[in-house]
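See below for the structure under consideration.
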């Protein structure tokens, strides 16, 4: 990866050595993972949690002011502790309470220990040896240990070099609270007041649906959150109209387990037939027999349609064919035709469809059976036969009378749905393995649940957090229902994920608070370098908002430092309307910054940032479908001047990157405060053989500002089209 410098710490004495796992190891890991995929399979126990990060730490000495002991437990592989050049030396961490310790990871800088001991203590006075060696190899050492300790230390007795001991990270893994006096948080339980569960015998289902829709139809920045869950069975004469912050889902393992003889509908009557603000809602895991043969789903951003079976057609436009700005479909089967009609852009992944009606600006498909052939720029279809890597979103289901969360398996070169040919591959987690988060829960409690080894299920609601939610354990699932919303207070980062395997984040909204946060979501700390190719972290239907519901500020919304991460459908949005909106009022300079290598984005929506919307520093990054609008409210040309360049690119690949690829990507401008503003280009990338783009476009919306080029200095200006809103396209670059 190529991290962006974020601090001015003294440089290391020697350059760090980091390498990804060898090809043979990756092949063996992938083979073992494949052999272990039996469905459904209940996980026996939680993976060990990272216990040491951010905990109090002391050391026998430090080399100089820039290498404190705290740098070895800060989660940053670019900072380090180093000792004086003498033997012996030690570093110890206080876990805060006795814990069951199962693993130690030592990430050595070049100055490592040839001989050392790992020691445990309950009181920091009496120590027992958990591991010792006189032939330490340096590099990254992962040690299996066993025991209970509050204090854990590395005690070095012989240095391998003439320098002191130097650790990038000293990581202690295990299960918090073992042997301690603190109360254990319960897993499982009820789903709270905002989850509405039905079975076919429930009376007045339609009445409850209508009651909630009446409240949520136009509540774009309201505070209510709702989830409708339907137990397996058949439901007749249903028209579930889905408003803001409402999710609807079946509770079967397959969509066909829960059938509506009726519809799941989104229209735009509340906004005079304009669907461009139909945000923040979802439909999932249902089979539909539409009443008139075609189901209407007229949405824009942040409105996923996942794991659905439509036994008929699907209309993506509002009644009257007003404007619409979607959209996202995945793991879905539509037996009939999908009517795109007025949808400006749409991305469909790993699905099966009976046909597609038309294109507007950017209709992109990957792994879709029945998709139209690639034909960009006319019609504007971008079609990939498969999706290179995908893993479907985790979902709640009923196994008999027991709630479980199904975690689908990773697929490579995927095409079609996961479920059409039988039960999908993956594993199941009992609800008892989750801390069910309900409104009123504090960040401290949420973090205690994570440290205890529980996953998180956020029930519908709004959650203010006064400290960062730290997801440190591999394979942790953080799943939201009903667009559960996390608001960071006092300028904290809402959530950070350690550089561990297989974390799954899904189904929630992060809403910036009024005090500026440096970041809102971080996937891996700066300097992350572990290989997660066999088990990547996924970010799915996770949305970020700055302003709109009230003043909010964040310097960078999402930072992806971990390698191999998959961003599968996100909308990262600096609000252009609502409350707390203005060029400086909801200041947010950067949308998404990717530092990790081999990161894949499928369905990336990022809009309206004051400077760069997306910056990419990692190698071998790929984006399949990108939708962007530049910030409407730039007051004048000077406000967006980027040195000698007019405007900040909507998507910038750093000049240091050698390999990058993108498909089906568009940027639009609507500079309605100063329509004379000119943007030099929508996209910027180094001109290298390994950097490739396919199906790019820029559009001036009604002549409100213009682009001189599409990418770098390539592609025609939008100015000749005046106010006619005609895209300028580039089929391939370079």
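Every number in this text was worked out from the coordinates using simple rules, so none of it is lab data. The model shown is predicted, which means the values in this text are computed figures rather than measured ones.
Kindly express, to the nearest 10 degrees and within the range 0 to 90, the angle between helix 205-216's C-alpha long axis and the longest C-alpha principal axis of the chain.
Tilt relative to the chain: about 80 degrees.
Measuring from the lowest to the highest alpha carbon on each principal axis, how far does segment 327-399 reach, largest first, in angstroms?
Projected onto its principal axes, the Cα set of segment 327-399 covers 47, 24, 19 Å.
Does anyone have the angle between helix 23-35 and the longest principal axis of the chain? Alpha-carbon axes, 0 to 90°, nearest 10?
The answer is roughly 60 degrees.
Taking Cα centroids, how far is segment 584-598 from segment 105-154 in Å?
Answer, in whole Å: 38.
Take every DSSP beta bridge whose two residues both sit in the chain, then give the antiparallel share in percent to the nearest 5.
The answer is about 30 percent antiparallel.
Over what distance in Å are the Cα centres of segment 307-321 and segment 636-659 separated?
Distance between centres, Cα-based: 38 Å.
Counting each DSSP H run of 4 or more residues in the chain as -39500 (n - 2.57), what helix-only mean residue ellipticity at 222 nm follows after dividing by all residues, to the nearest 500 deg cm²/dmol? Don't skip to the answer; put the middle values down first.
Details: 3 runs with 34 residues, N = 734.
Mean residue ellipticity, 222 nm, calculated: -1500 deg cm²/dmol.
Please report, in whole Å³, the volume per residue of the convex hull around the C-alpha atoms of segment 52-175.
Convex hull volume per residue, Cα atoms: 87 Å³.
Hey, what's the per residue convex hull volume over the C-alpha atoms of segment 422-552, in cubic angstrom?
It is 115 Å³ per residue.
Assuming a viscosity of 1.002 mPa s and a temperature of 20 °C, what translational diffusion coefficient in µm² per second does Stokes-Einstein assign to segment 453-733, Rh being the Kirkwood radius over Cα pairs?
The diffusion coefficient I find is 114 µm²/s.
How far is the Cα center of segment 464-504 from the Cα center of segment 694-726, in Å?
For segment 464-504 versus segment 694-726, the Cα centre distance is 38 Å.
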